[in-house]
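Notes for the one structure printed next.
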Amino acid sequence: MSEMPVRSTSPKREPVRPARPHRPPRVQATSERSFVTPEGVDLKLQLADLGQRIAAFLIDATIAIGSLVGLTLLLLLTAWGSDISVWPILGIIWFLGFFLLRNFYFILLESRPRAATFGKRAVGLRVVARDGGALTMDAVIARNMMREVEVFLPLTFLAYQMRQGNADALTASLGLIWSGIFLIFPLFNRDRLRAGDFIAGTWVIRAPRRALGLDLLKSDTKPLEPYAFSDTQLDAYGIYELQTLEAVLR
């Protein structure tokens with residue numbers, strides 16, 4: 001009589017699966033950037049979003065176009081009663097005025113202490129240097145002159161070709177693609193920088209207007225208690241620092 005095979009009653013062991021590597025949580029993109037001043041203070045700046053920058057540019061473009069229309073009407077009135085030989089000179093003046101409006105309008109206003117054009121002021125934006133230092137004139141010129149390469153150079157070439165009758169579909173497409181690439185360039189970097197901002201080392205940040213606090217000297221509130229400093233605290237300052245502190249407190 002053959003023996004029956006004995007089945008094992010022990011439970012089957014599941015194959016050991018390797019543990020999955022731990023993935024760190026995905027950090028959400030934020031518009032806040034660290035901005036350390038030469039004094040060592042981190043201001044925690046907020047970058048401007050694309051909609052704010054487009055709105056500011058449209059306001060500035062409206063101002064520039066309005067000024068250009070006014071210049072055009074003035075030159076037309078001048079040419080109305082002038083000899084035909086004066087018209088080429090007026091044309092040169094018009095092109096020069098167009099160049100100054102589309103470039104030095106931005107350079108002049110952004111080089112001032114507010115570092116913002118009228119459009120940026122209306123939206124609540126300004127330009128700062130990414131290294132934490134003061135915004136230099138070189139950076140302002142670089143970021144604005146780069147706009148010539150981004151937009152106006154291909155469009156001017158395209159307009160010239162159309163005027164000469166040599167523009168074809170390929171030339172028009174290349175010009176529009178060139179301008180379109182630079183137009184959407186801020187969408188492909190985390191700091192939303194234009195090509196001009198990359199070269200100049202600048203940011204466009206939010207700078208909303210802030211309401212002034214309560215003036216304690218002119219209010220009916222209870223005056224503050226006098227400031228008291230220990231000798232150890234006072235020894236950390238020199239004469240100049242103490243005089244400056246006294247002026248600030250006063």
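The values are calculated or read from the model by the stated rules, or taken from the named source; none is laboratory data. The structure displayed is predicted, hence computed values, not measured ones. Counting neighbours? That spans all protein chains shown, and the Cβs are built from the backbone with ideal geometry, glycine included. Accessible surface areas use protein heavy atoms only, side chains included; no ligands, DNA or RNA. Shrake-Rupley method; radii C 1.70, N 1.55, O 1.52, S 1.80 Å.
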- Task: Can you send over the carbon and sulfur percentage of the accessible area for region 88-151, probe radius 1.4 Å, protein chains only?
- Result: 72
- Message: Quick check: pseudo-label points 7 Å beyond the Cα along Cα→Cβ at F152 and L100, how many nm apart are they?
- Response: 1.3
- Item | Full-stretch length increase - T30, I181 - with 0.36 nm per residue and alpha-carbon distance subtracted | 52.0 nm
- Starting at the first residue of region 56-71, write each ³J(HN,Hα) from the Karplus equation 6.51 cos²θ - 1.76 cosθ + 1.60 with θ = phi - 60°, in whole Hz, x for Gly and Pro. 5, 5, 5, 5, 5, 5, 5, 5, 5, 5, x, 5, 5, 5, x, 5
- Quick one: net charge around R194, please, counting Lys, Arg +1 and Asp, Glu -1 for every other residue with C-beta under 11 Å from its C-beta. +1
- Message: Quick query: amide H of R130 versus all other amide H atoms, modeled in the peptide plane; which residues come in under 5 Å with a sequence gap of 5 or more or a different chain?
- Response: T202, W203
